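Q: Could you have a look at this structure, given as structure tokens, before my questions?
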Amino acid sequence: MYPDHTPHAPARRAVEVHQPTPLPPAVAVSAPVVPVQPGSVPAVASVVLPDGRVVTGYAINPVQPEPIAAKPAVSRTAVNVALGGVGFLAVCGGLILLTSFIAALTAFITQLIILAAVIFGGWIAVQLFSASGHQGGTTVNIRKATFKRNHFHG
């Protein structure tokens, strides 16, 4: 670690010793302290530190949080019934929309047929009534004179 040509020995590290600071005991003011015998005597644990010191004390168990109340599992049958109900409602809604569309389309086509019949019937009526006034002859108007089947009517 140190080169060989160094004339002096490596410096020693200073060792710091930390002494624990005692804490004042906590005093409960609101309720009197009642001595209670522990159910069992806790085991004393000893730990040997790397420098050779031995530390002895009681093991403290970590505080376990309260278990969360487990939610009841939803059964597969309930899920299937709910999904089936949603699907059934969707199909019923689709059928209602389809029925409404077919009824509207039928009414539209019916109105188109009636409109065509009125127009065509009107055209036929105009043809019939305009031809009945001539009584079957060809009429030519020339200078306010009417010739009907080669006969002059003046």
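Q: Taking the condition open to solvent by 90 Å² or more (accessible area, probe 1.4 Å) and at pLDDT below 95, does Ala45 pass?
A: So Ala45 does not fit the description; no.
Q: Would you mind finding the one in Thr77, Thr110 that is loosely packed, with under 10 Cβ neighbours inside 10 Å, without any contact (Cβ under 8 Å) to a residue 12 or more places away in the chain and more than 21 Å from the chain's Cα centre (by Cα)?
A: Thr77 is the lone residue from the list that is loosely packed, with under 10 Cβ neighbours inside 10 Å, without any contact (Cβ under 8 Å) to a residue 12 or more places away in the chain and more than 21 Å from the chain's Cα centre (by Cα).
Q: Read through the list (1) under 30 Å from Val17 (Cβ atoms); (2) at pLDDT 80 or above; (3) open to solvent by less than 100 Å² (accessible area, probe 1.4 Å), then give the number of the only condition that Arg53 fails.
A: (3)
Q: In this structure, does Arg149 turn out to be closer than 30 Å to His18 by Cβ and modelled with pLDDT under 90?
A: Spelling it out, it is not the case that Arg149 is closer than 30 Å to His18 by Cβ and modelled with pLDDT under 90.
Q: Go through the range 49-107 and report how many residues are outside any loop (DSSP other than H, G, I, E, B) and of a type outside the set (A, V, I, L, M).
A: 17
The values are calculated or read from the model by the stated rules, or taken from the named source; none is laboratory data. Just so it is clear, the structure is predicted and the values come from calculations on it, not from any experiment. A quick note on method: Cβ atoms are made from the backbone with ideal geometry, for glycine too, and the neighbour counts reach across all protein chains shown. Only protein heavy atoms, including side chains, enter the accessible area calculation; ligands, DNA and RNA are left aside. Shrake-Rupley method; radii C 1.70, N 1.55, O 1.52, S 1.80 Å.
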